[in-house]
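Chemist: My questions will all concern the structure given below.
The values are calculated or read from the model by the stated rules, or taken from the named source; none is laboratory data. Not measured: the values here are computed from a predicted model. Here the Cβ is made from the backbone with ideal geometry for all residues, glycine too, and neighbour counts use every protein chain on show.
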Amino acid sequence: MLYFEDFTQGRRFDYSPVLMQANDMIAFASEFDPQPMHLDEEVGKSSILGGLAASGWHTSAVGMRMMIEAFLGNSSSQGSPGIDFMEWKKPVLAGDILSGFSLVLEARPSKTKPAIGLVKFRNEIENQSGEAVAVSECSVMFRRRNGEARA
């Protein structure tokens, strides 16, 4: 179990690869982002995206799952107060294999909740060619190991 104290500046958590499959991309888009380039390969090919492209929201959801599997699922996470920024840099096309990492930028104890610390991450998702497809920064709240501020 990872606690606030385990998230030292510069620590990196690598993501396991995920294959982006057309049927999953279409299913996600059908429910949450039904734009034509996310639903139909021919429309995607004729768009500036160059093929059936995942919704950016789908890419972000896959990134969240990668974070859970890399470290959040085995942590004392108490959720996030928000995302500082999220950028979709390149289209994610059917057949792409995504991987990436989360990097600890900073960690500080909460000023108002002594049992909690806040950790700021830079999250990067890249395709099989090593090109960044999504980048974000966010903070996550974690319980402190002893449950209170150290004296």
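Chemist: Filter region 10-57 down to the residues that are polar (S, T, N, Q) and either surrounded by 15 or more Cβ atoms within 10 Å (Cβ to Cβ) or closer than 17 Å to Gly95 by Cβ (or both) and list them by number. Don't jump to the end; show me each part of the working.
Modeler: Step one: list which residues in region 10-57 are polar (S, T, N, Q), which gives 16, 21, 23, 30, 35, 46-47, 55.
Correct list: Gln21, Asn23, Ser47, Ser55.
Chemist: Scan (1) modelled with pLDDT of 95 or more; (2) acidic (Asp, Glu); (3) not in a strand (DSSP E or B) for the single condition Glu148 breaks and write down its number.
Modeler: Every condition holds for Glu148 apart from (1).
Chemist: While we're looking at this one, here's another question. Inspect region 101-110 for any residue being over 17 Å from Ser139 (Cα atoms) and under 14 Å from the mean Cα position of the chain (by Cα) and give the result as yes or no.
Modeler: As a first pass, look at region 101-110 and keep what is over 17 Å from Ser139 (Cα atoms): none.
No, region 101-110 contains no residue that is over 17 Å from Ser139 (Cα atoms) and under 14 Å from the mean Cα position of the chain (by Cα).
Chemist: Need at least 2 residues that are touching a residue at least 40 places away in the same chain (Cβ under 8 Å) and closer than 17 Å to Ala134 by Cα per element, so show me which helices (runs of 4 or more DSSP H) inside region 2-120 make the cut, counting only ones lying wholly within it.
Modeler: Details: elements: 22-32, 36-39, 41-46, 56-70.
Qualifying helices (runs of 4 or more DSSP H): 56-70.
Chemist: Right, something else. Being aromatic (Phe, Trp, Tyr) and surrounded by fewer than 16 Cβ atoms within 10 Å (Cβ to Cβ) is the filter here, so list the residues in region 58-102 that pass it.
Modeler: Of the residues in region 58-102, the ones aromatic (Phe, Trp, Tyr) are 71, 85, 88, 101.
Residue satisfying the conditions is Phe85 alone.
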